[in-house]
């Protein structure tokens, strides 16, 4: 969630599940929480029924979320920025934004360089050869002290607010309708609901998920949502926020602990080859304040990184050896999903360990992926279930005789068979207990990984001290009661961190030091396992605010704050915007309510509300993303229509094109007239529940959702079979002919949308086509998250299966 | 020297009659058990409720086959003629044993003939509705109530007939049952109850 | 302490016509309340029902719907039915939890000829006791909601038992426990009616002017009630508009039963009177 960090300073759901009940308006877009987050979704319905909230969905399909919403608007896949941009324009044109909030808590007043501009789909600084932006012209104007110049009247044409207004001026209702395929009336009806919260006494929230993320403009879609919420004054407030719904119980936790490319645990940065010394790295990674009174909490970066290295290398991390900085890998290029498999395809990678996921089904363009996988010398799959990835050599269309890859499979425990913590979308780290014993002989991940570590270490010891990379392996701390299988509480304590002199568990990252006196595996989890015990295991249900914060329940990073940026829930004087839904309030001496995301006793006239940004406020204008300080509508790489805003720059201009990918996209003259999107259904959890008989019974077969009119045109019968193919592959399954997807009028042309669920493969008790046979091998310009959600296909009736 | 007996029913006719008779009694007992909670204990005869439910239609099938055979065997003799109509006009005298005023009957009197036609009709109702009740899952629950109603109604008719039939065949007219047991009747009995048939026999 | 499992009616006994007013009654009368406007069709209840009641997994195939099975079965007591309906300019995806409604006047029980095969408890639960079931399926025709299903293997009929074993232990039924959105509520029937009224107010406020509570009087009310957003389109939810069942619902049969018993008695008596009056008629045996 690069875009949330680019806007607010942290990349995480701003609020939490139960807080959604406090909203007046809930916009569900790029998400389908009724199906993918049914338990958390109860709070949206609670808001609808108990708080008289309006629940609206904007989606290419009428989903099970739409079924319980007040209003639904269908849009074309990949038109999200047009719609959100239209909402921003509608709001500003009609003065519906929360003016006081915008002035107090955003960088609306910040003046931007006069060189900044936008023309025909390109921001200033575009370097066509590098396919990247030179961001120099996106900088703020500075005064002689180096601080940003501001215009508190918001009238200066170079202030972020005016630039924003100008930028989105083109997103008229007519333009939105033309791009997204909705009607102007419907759009305006939605806009009035969504923009009704730009007031102190009303608050709205956005629930989004990978329906926004999985586009070549995914980060910018989220950015647009964030800008919308800032203008409406909804960030930091109970019932507000922009809420990223995570697709598994522990995606947030996995992300926090760096299961995404380019970060170390706690969103620290991976050193690059140019950063030869620790000092270089810290200088490049530690921001300096842009306004005199910014808290700029990332200024503490050195404390976080040094403590992390102390957790990893212990006594071997000293000031003399830069706390082990040289032990860290220096990452050249990126290690995102698409790039890793591209390197495999180029023959640059020998082996692959798949632990806890099913790469073959999880990535786009399965035919290309199969070709890549076949180039591996070996692959180890560690999972509770046999996976398609482990049997990729027998995928449909593969000739096992031609695959030379050695595949090893190791069964491991399922999460239900072990203790541990889940960090949910709302950043609540909740300790859970083992429910059942694993089958005989099945070992835990911690056992397998420890064993791997010890065996590698032993191999290095045989090779002697001169072996490449010997030192970091030998010096790695592995200090557990049973070093062959650490317990999870031991790991949790290590993550929380210690005072190294006394061995005392830390209770806050405020105690971290950059002199080696403290260790912490992940600074944002400091306080999760203290001398008082395992905070994640707490189960207190008290709720003194009545807003569902439950501070005695589990642990919410950071520091048990339940709503991020909650200083912004109050005005400049520290008075809550809405006293009935106060996030925090200043009582003259200190802040009361939620754990303040601010100095507990810092008076309201102190620093800005957004302590993680060097501006001290949230960024309407942000130079932190690669593809623009504002968002812009670009078509998906496979689009059924032209870009109505700028035909010459149809798609995101700084997409990274992997070798041979352009040839796999529908081209002029190809017959792929239909938009297609992929999704999950509530009955299944990705590729795991194919092994659960009761859930297979509930949703047995792979299917294709075809709109009624198109089905009639193609002679496809409900319950019959349909074949869908893209330039990359084809799928076939039961046709669900539906009224829930309507034809759209896009740029004067009718566009139909097809829907495909992702849960099937060729292993497990139910088998069916892999959705990703269809999807393109291209990703977001910032995160390289693949564009699963919008591509082109054709469809026809298929004959019934005889077997 | 004993009086020579007249041959009235063949072995096969008797078998068919008793199959129908015995199965009907069992069916009536279990049927009453299903209809009257107070008589549910009758199912015990067949091994309890579930067994009775399972066996009732199977026994019913045998009953149905018997009914069909009976129909085939006797239908030719069952059409009413002019004398039968006269007999029916004098039925009051038949009941009071005022024999002189009753026109002579053939092998079967008009009452027996009517009995035959009505029981055949009831048999059809039993078989058709019984089939529906046997496999409701095949025919749908919508028919079930109608089928039950008709089946019950037919049972009433059948039950009443059974009483009359047994009474007349045993107590009221001694010597009658012998015809259905041994297959033979005495000439005197024949002369009294079926004079025209008796005459036929003698002529031959 | 009132008995939670005090009996109200037992099939094929006099209590089927005149409910027992046991000394042990006076305990809680429960009801489920299914708020269709809150149901997301996740089928969590469907799966929980199978888990708790140990019902067999059935081989299903997608027949062009999000619905898992085409119909209820003796191993599927609860089925989420999906129906896409155009309501004016808007689309309504009607998703209904189909299962036994536990009628106050249970047609199944009234139709049942097997004593004790169907029991209604004072708490509102109507339960089938397969040990006493004779497999006649009269209950199927007696049910105005088409709920009980015959099992060809066991030759008995089965349906939702409201997780009576859980209720007895003071727990809510498994479907209620599982429902992630609280679309299925459980409690004292009066409280559920009050809650339903509140939900109705909110639905009308949200523009569902025909919103209704489904608690049909024709069966004396039910112990699974629905809050129906489009109360004017019950048929689209496959809910009968005027279901009926009463102890006298099989009036034709009752009349026949009574007439029949008199008629048969009359037959026997007539024969006896005839015997006494005119006696037997024996042929005069000639020598």
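Below are the figures for this structure:
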item	result
Residue C:147 over 14 Å from residue C:11 (Cβ atoms), within 14 Å of chain B (Cβ to nearest Cβ) and at pLDDT 95 or above	yes
Flag if residue B:173 is under 14 Å from the mean Cα position of the chain (by Cα), at the interface with chain C (Cβ under 7 Å from one of its Cβ atoms) and surrounded by fewer than 19 Cβ atoms within 10 Å (Cβ to Cβ)	no
For residue A:327: the one exception among (1) touching a strand residue (DSSP E or B) at 6+ places or on another chain (Cβ under 9 Å); (2) under 20 Å from residue A:473 (Cβ atoms)	(1)
Residue list for segment A:262-285, filter: part of a loop (DSSP other than H, G, I, E, B) and either more than 23 Å from the chain's Cα centre (by Cα) or over 21 Å from residue A:520 (Cα atoms) (or both)	A:272, A:273, A:274, A:275, A:276, A:277
Whichever residue in segment B:137-155 is buried (at least 20 other Cβ atoms within 10 Å of the Cβ) and either facing chain C (nearest Cβ under 8 Å) or at pLDDT below 85 (or both) and, among such residues, is farthest from residue B:95 (Cα to Cα)	B:144
Condition check for residue B:114: surrounded by 14 or more Cβ atoms within 10 Å (Cβ to Cβ) and either without any contact (Cβ under 8 Å) to a residue 40 or more places away in the chain or away from chain C (no Cβ under 12 Å) (or both)	yes
Close pairs (9 angstrom Cβ cut-off, 6 or more residues apart or separate chains): more than 9 Å from chain C (Cβ to nearest Cβ) in segment B:37-58, surrounded by fewer than 22 Cβ atoms within 10 Å (Cβ to Cβ) and outside any helix (DSSP H, G or I) anywhere	B:42/B:36; B:55/B:47; B:57/B:135
Residue under evaluation residue A:636, criteria (1) within 27 Å of the chain's Cα centre (by Cα); (2) under 22 Å from residue A:549 (Cα atoms), criterion not met	(2)
Residue identified as at pLDDT 95 or above, under 23 Å from residue A:424 (Cα atoms) and touching a strand residue (DSSP E or B) at 6+ places or on another chain (Cβ under 7 Å) among A:535, A:612	A:535
Positions within segment A:36-47 being closer than 18 Å to residue C:93 by Cα and more than 7 Å from every other protein chain (Cβ to nearest Cβ), in sequence order	A:36
Out of A:751, A:731, A:758, A:778, sole residue that is buried (at least 18 other Cβ atoms within 10 Å of the Cβ), in contact with a strand residue (DSSP E or B) (Cβ under 6 Å, 6 or more places away or on another chain), modelled with pLDDT of 95 or more and over 26 Å from residue A:682 (Cα atoms)	A:751
Matching residues in segment A:736-752 - criterion: being within 14 Å of another protein chain (Cβ to nearest Cβ) and outside any loop (DSSP other than H, G, I, E, B)	A:736, A:737, A:738
Filter result for residue A:616 (free of Cβ contacts under 8 Å to residues at least 24 places away in the same chain and in a loop (DSSP other than H, G, I, E, B))	no
Complete set of residues in segment A:48-80 that are in a strand (DSSP E or B) and either more than 25 Å from the chain's Cα centre (by Cα) or at the interface with chain C (Cβ under 7 Å from one of its Cβ atoms) (or both)	A:54, A:71
Test set (1) in contact with a helix residue (DSSP H, G or I) (Cβ under 6 Å, 6 or more places away or on another chain); (2) part of a strand (DSSP E or B) - residue A:426 fails condition number	(2)
Sole exception among (1) within 22 Å of residue A:172 (Cβ to Cβ); (2) crowded, with 24+ Cβ neighbours inside 10 Å for residue A:188, by number	(2)
Counted residues, segment B:38-58 - those being assigned to a helix (DSSP H, G or I) and surrounded by fewer than 20 Cβ atoms within 10 Å (Cβ to Cβ)	12
From A:479, A:437, A:463, residue being under 30 Å from residue A:558 (Cβ atoms) and either touching a residue at least 60 places away in the same chain (Cβ under 8 Å) or out of contact with any strand residue (DSSP E or B) (no Cβ under 7 Å at 6 or more places or on another chain) (or both)	A:479
Filter result for residue A:65 (at pLDDT 95 or above and surrounded by 24 or more Cβ atoms within 10 Å (Cβ to Cβ))	yes
Unmet requirement for residue B:4, which otherwise passes all of (1) in a loop (DSSP other than H, G, I, E, B); (2) surrounded by 18 or more Cβ atoms within 10 Å (Cβ to Cβ)	(2)
Selected residue [touching a helix residue (DSSP H, G or I) at 6+ places or on another chain (Cβ under 9 Å) and on the phi > 0 side of the Ramachandran plot] from A:365, A:256, A:342	A:365
Options A:146, A:233; residue that is at pLDDT below 95 and assigned to a loop (DSSP other than H, G, I, E, B)	A:146
Hey, residue B:109 surrounded by 15 or more Cβ atoms within 10 Å (Cβ to Cβ) and within 9 Å of another protein chain (Cβ to nearest Cβ) or not	no
Criterion (modelled with pLDDT under 95, in a strand (DSSP E or B) and either within 14 Å of chain A (Cβ to nearest Cβ) or under 18 Å from the mean Cα position of the chain (by Cα) (or both)) met by exactly one of C:32, C:8	C:8
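The values are calculated or read from the model by the stated rules, or taken from the named source; none is laboratory data. On a predicted model such as this, the values are computed, not experimentally measured, just so you know. Every residue, glycine as well, gets a Cβ built from its backbone with ideal geometry; the counts of neighbours run over all protein chains shown.
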